[in-house]
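Engineer: Before anything else, here's the structure in question.
Bear in mind that the values in this text are calculations on the coordinates, not laboratory data. Computed from a predicted model, the values in this text were never measured in an experiment. Don't worry about glycine lacking a Cβ; one is built from the backbone with ideal geometry, like all the others, and counts go over all protein chains shown.
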Amino acid sequence: MQIIVLITVPIFGLIAAGYAARASGLLGDAVADALARFVFAVAVPVLLFRTLARAEFGGENPVLLWTAYFGGVCVAWPLGTLLARKVGGLDRRTGVVAGVAAGFSNTVFIALPAVERAYGQAGLAPLLVILSVHLPLMTAAGTLLLEGAAAADLRAAGTPAPRRPVAQILASLVRAFLRNAIIIGILAGGAWRLTGLTIPPLLDEILAPLAGTAGPLALFSLGMSLRRFGLRGDLGLTLGIVGLSLVVMPAAVWLIAAPLLSPLWLKVAVLTAAAPSGVNAYLFATNVGAGEKLAASATLLGTCLSVVSLSAWLVILG
């Protein structure tokens, strides 16, 4: 238990410090936005590049890891949509947002620092395998489902529904991905790895401290961003979505991964799946103008309750 405390207290202590800094007025929204931008554009891409360039995968099969992790997503996402539609009585677009909130884990701000603290550099290798396809797959799936849901809602209301060709949607997503700093960091790290070269010591002296800021600053930045969210809307429905994210999805990943993965890769897959919903669900919601209250509440409540759930999963996983 002492080890669990040593892992989780710094994680949520940094989140609390970021929240307090913003709530007290010590740091403003401009700082919060700049810090989040630094984490996404510099610190995390450098960490991913350096990790991928130096990682040892030990002959593990990435396809099995993807099967286990996204198998859990395929359980949590539809259940989140079903909960919002059938229990909450919400429209199709909000149903998709609920599914995103249930299945789109906060891999950068929560899972990355949690895995690094719990399992060290060795744990970052399987996390990197998940990250390499997580953002493109989840964003593409969410975008396509929201396009279909928006059109269906308009037809149900008797309004003609304009449709964008799927190829056009995917092309715009590819362009966005190629400008995404995290994707660039992964691609650059993979390209460097293919050369077979090691990172020159002098260059690594620059990269190492930058990479070292990723975890702490991600947590502090997350705390600052939570200040913007509040508990709004149907809290019972929100709690159900959060339960899918924090309990059902990691449990599904564990069941699928147990016969497929080595102990370390299984633990990383489950801990990543146990990370609460991040800001992506809220971004999807604001883009389509539906489910903003649900997404915001799920982000805040999920992050708060993950203090308990992540600790529990660490105890269960060992």
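Engineer: Mind checking the full-extension length gain between residue 203 and residue 33? Use 0.36 nm per residue of separation minus the Cα-Cα distance, one decimal, nm.
Structural biologist: 58.4 nm
Engineer: What nm distance separates the two modelled labels at residue 191 and residue 133, each placed 7 Å from Cα along Cα→Cβ?
Structural biologist: Once both label points are built, they end up 2.2 nm from each other.
Engineer: How large is the dipole of the chain about the Cα centre if only Lys and Arg carry +1 and Asp and Glu carry -1, each at its Cβ, rounded to the nearest 20 debye?
Structural biologist: Here the size comes out at about 580 debye.
Engineer: What nm distance separates the two modelled labels at residue 20 and residue 307, each placed 7 Å from Cα along Cα→Cβ?
Structural biologist: 1.2
Engineer: Given Cα pairs under 8 Å that are at least 6 residues apart, what percent is the relative contact order of the chain?
Structural biologist: The normalised contact order for the chain reaches 36 percent.
Engineer: Sort 46-56, 100-110 for me by packing, meaning the mean count of neighbouring Cβ atoms within 10 Å per residue, highest on top.
Structural biologist: Going by the mean number of other Cβ atoms within 10 Å, highest first, we get 100-110, 46-56.
Engineer: Find the percent of Cα-Cα distances in region 35-151 that exceed 22 Å, and round it to a whole number.
Structural biologist: Percentage above 22 Å: 43.
Engineer: While we're looking at this one, here's another question. What translational diffusion coefficient, in µm²/s and rounded to a whole number, does the Stokes-Einstein relation yield for the chain at 20 °C and a viscosity of 1.002 mPa s, taking the hydrodynamic radius as the Kirkwood radius over Cα pairs?
Structural biologist: Diffusion coefficient, whole number: 107 µm²/s.
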